[in-house]
1. For a quick protection proxy, order the peptides A:430-440, B:8-18 by their average other-Cβ count within 10 Å, most packed first.
2. Going by average Cβ density within 10 Å per residue, which order do the peptides A:140-150, A:298-308 take, highest to lowest?
3. With label points built 7 Å along Cα→Cβ from the Cα atoms of B:LEU7 and B:SER24, find their separation and express it in nm.
4. Can you list the equivalent-ellipsoid semi-axes of the protein assembly as shown, largest first and in whole Å, using the square root of 5 times each Cα gyration tensor eigenvalue?
5. When Cβ neighbours within 10 Å are restricted to other protein chains, what is their mean count per residue of peptide A:360-372?
6. Suppose each label sits 7 Å from its Cα in the direction of the beta carbon; what would the A:SER115-A:VAL160 distance come out to in nanometres?
7. How much accessible area per residue does chain A have, in Å², with a 1.4 Å probe?
8. Report the A-B buried area as the accessible area lost on both sides summed, probe 1.4 Å, in Å² to the nearest 100.
Amino acid sequence: MDMKLWVNLAYIIAAIAFIFGLKMLSSARTARRGNLISALGMLLAIIVTLLQKDIISYEWIILGVVVGGIIGASSARLVAMTAMPQMVAVFNGFGGIASLLVGWSEYHNYLGIISWGALLPIYLAVIIGGITFTGSLVAYGKLSGRITGRPILFSGQRLVNALFLLLIIVAGVFYIGKLEPQYTYWIFFSALGLSLLIGVMAVIPIGGADMPVVIALLNSYSGLAACAAGFVILNNVLIVAGALVGASGIILTKIMCKAMNRSLANVLFSGFGAVKAKQDSSQQQGEAKPISIEDCYYILEAAQSVIIAPGYGMAVAQAQHVVRELGDLLTANGAEVRYAIHPVAGRMPGHMNVLLAEANVDYDQLSTPDDVNPTMDAVDVCVVIGANDVVNPAARDDENSPIYGMPIIDVDRARSVIVLKRSMAAGFAGIDNLLFFADNTRMLFGDAKSSVAGLVAEFKSVN
Amino acid sequence: METSVILLLFILVLAIFLGFELISKVPSTLHTPLMSGSNAISGITIVGALTAAGAAQYVNGWESIALGTLAVIFATINVVGGYLVTDRMLKMFKHHKSQQEK
């Protein structure tokens, strides 16, 4: 029987495994098994590829798999949950450069004898892979704090970017138009270099709090790069898997943009958060009312229902474990405790959920704004931990606010609100938060972790 | 050749629609594992990398070997790291109450 046929059948099974894997991710109960099934599909695809007769020697493959396997496994095992956003960014970038290298090697190996129909996908795999690679590395730098989280802007930035894009298209036309091979290689190199530059330029103007959008978008690119690589080697499983990932990244990007009520173009090009929005002095109403840990304890002690709304500040303070402890004590005290998590809280989609799950918070307690907002009026206390823009009532009430229209967690409608915050500094959007001045709000200043630990100690000293 | 490309494009379009359908159903709680899990799937490019590295020696000099091997290294990091880290995360999402009831 023809080997090729068996190999292709195996690829179809692998594709089915990916599809089921993703489908099972839609519920926490089946998600882990889904991931396993998807991994088995990958293993199957790898094994049948190795059995094909195009593969003549194994020594370089073994070297690559051993080196890559050790690096991948050890970093996956060692990474701290708080460092997850940058880890995801790096892995994503590696997927991008792998597709780039696949395209490049195909180009190199068949220099001069490839038709234009094959040159186009090579070109796409290389430039999308290149953009994904450097874009993800910059995102990594921003998320790990090696590069400033503020947008990096300079005058004429858009012009420069437009020029780069134009150049890369021109290079593509010349490259596919096929001059002599020695020239096309130079054009190929310039296009490769340009794609790496574009990746950097695309991500530097984007601020830290917009990172969830960027990560999701880069995720989509890595899928598209794999898809293009699939057209290079005419392989259906790469195309199916790449398209699934590409679609998944695009959907996530859309969800993130919707959660901020901003268009993708606004997120990518506006340099949001670079300048402090102009403050209208008439907007200042009253003053913030600080509260001590002890008084805070009395409020919480009497509460029947509590909502905890975490933000990036909780991740920075690494407070998720004490927060869970506080939540458990409140539950033991007879209160109903829920965690309200905004889709864009933190630095990547679902960031807060991962941290709280790491701290052993029950999956059923993790809620979305849509879950908690309708019953907010009946909530006794909302504890806001290191979140700012996602609980800013201006998004609902002030039409002139830059974040107007963004869906928020309506914590201000709860009977009382306790905001844990380092200082009165504005959030990422650079705008004042009237929540801090509201009559039912008390401010608990200080490091989130030590404040929550103080509350936990109060609870424990009484019981 | 041409018909096979058309066929692949056809597969591409269907797969994109399928992807949209599948992902829309994932709750926001699981968005991070979804991202890292789908990221691991995009490591499927390893299939291309293996072919490149396995045939490299006999094609076009040391550059072929270097490109193929590097492609395998990066794709393997992506696949192995991606799946393991996703599993590590998903292991943490638990229903404590329902487990106690059982």
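The values are calculated or read from the model by the stated rules, or taken from the named source; none is laboratory data. This structure is a prediction, so every number in the text was calculated from the model and none was measured. Here Cβ is always computed from backbone atoms with ideal geometry, including for glycine, and neighbour counts include all displayed protein chains. To get the accessible areas, we keep the full protein, side chains included, count just its heavy atoms, and leave off ligands, DNA and RNA. Shrake-Rupley method; radii C 1.70, N 1.55, O 1.52, S 1.80 Å.
1. Working: A:430-440: 19.1, B:8-18: 16.0.
By packing density, highest mean first, the sequence is A:430-440, B:8-18.
2. Numbers: A:140-150: 17.1, A:298-308: 19.4.
Answer by packing, highest mean first, reads A:298-308, A:140-150.
3. With each label placed 7 Å out from Cα toward Cβ, I get 3.0 nm.
4. Numbers: eigenvalues 432, 139, 64 Å².
Result for the protein assembly as shown: semi-axes of 46, 26, 18 Å.
5. On the way: counts 3, 4, 7, 10, 5, 3, 5, 2, 3, 1, 1, 0, 0.
Mean shielding by partner chains, rounded to a whole number: 3.
6. Rounded to a tenth, the inter-label distance reads 4.2 nm.
7. Working: 18840 Å² over 463 residues.
Result: 41 Å² of accessible area for each residue.
8. Working: alone 22850 and 8450 Å², together 23000 Å².
So the buried area, both faces added, is about 8300 Å².
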